[in-house]
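Shown next, in structure tokens, is the structure this report addresses.
The values are calculated or read from the model by the stated rules, or taken from the named source; none is laboratory data. Keep in mind that this is a model prediction, so the values were computed, not measured. Here the Cβ is made from the backbone with ideal geometry for all residues, glycine too, and neighbour counts use every protein chain on show. We work out accessible area using only protein heavy atoms, side chains counted, and drop any ligands, DNA or RNA first. Shrake-Rupley method; radii C 1.70, N 1.55, O 1.52, S 1.80 Å.
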Amino acid sequence: MKEVGQRLKQLREEHSYSQTQVAEYLGIDQSNLSKIERGERNFKLSSLIKLCSLYNCSQEYILCRSDEYDKSDIAFRADGKVDLNVIAIANETMNDLKMLRKIKKMNEN
């Protein structure tokens with residue numbers, strides 16, 4: 001769990017989110033997120049799914065079973081007033097569009 005916690009902290013910092021922001025997004029206390037990032041506490045599957053949407057990555061990446069990760073190029077406000085739920089929805093929508101493009105290409109061939 002320590003390696004997974006470090007990966008979560010790295011993702012959070014790469015995106016310039018505070019522990020408070022991510023904890024509120026997940027619906028947990030900031031102290032619990034701190035323990036998760038230190039590898040002292042597990043997180044729920046529902047939190048894993050939400051984190052994948054937020055950081056636009058696979059479960060395998062968060063769980064340290066893969067090192068494949070392409071950080072999203074979407075830019076948001078830098079003043080800390082960004083709604084992480086909106087970011088997660090934007091990432092999901094972007095992934096849905098990518099999937100539709102792949103399907104369209106397969107059907108054209």
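For the range 95-107, the count of residues that are open to solvent by 90 Å² or more (accessible area, probe 1.4 Å) and touching a residue at least 12 places away in the same chain (Cβ under 8 Å) is zero.
Filtering the range 25-34 to residues that are under 12 Å from ASN85 (Cα atoms) and within 14 Å of the chain's Cα centre (by Cα) leaves TYR25, LEU26.
Looking only at residues in the range 12-27 that are out of contact with any Lys or Arg (no Cβ under 9 Å at 6 or more places or on another chain) and either farther than 23 Å from ASP67 by Cα or among the aliphatic types (A, V, I, L, M) (or both), the one that is most open to solvent (accessible area, probe 1.4 Å) is GLU24. Scanning the range 1-11 for residues that are at pLDDT 95 or above and surrounded by fewer than 16 Cβ atoms within 10 Å (Cβ to Cβ), we see that the one that is nearest to ASN91 (Cα to Cα) is GLN10. Among residues belonging to the range 51-79 that are among the small types (Gly, Ala, Ser) and open to solvent by 50 Å² or more (accessible area, probe 1.4 Å), point out the one that is modelled with the lowest pLDDT. Restricting to residues being among the small types (Gly, Ala, Ser) and open to solvent by 50 Å² or more (accessible area, probe 1.4 Å), the top hit is ALA78.
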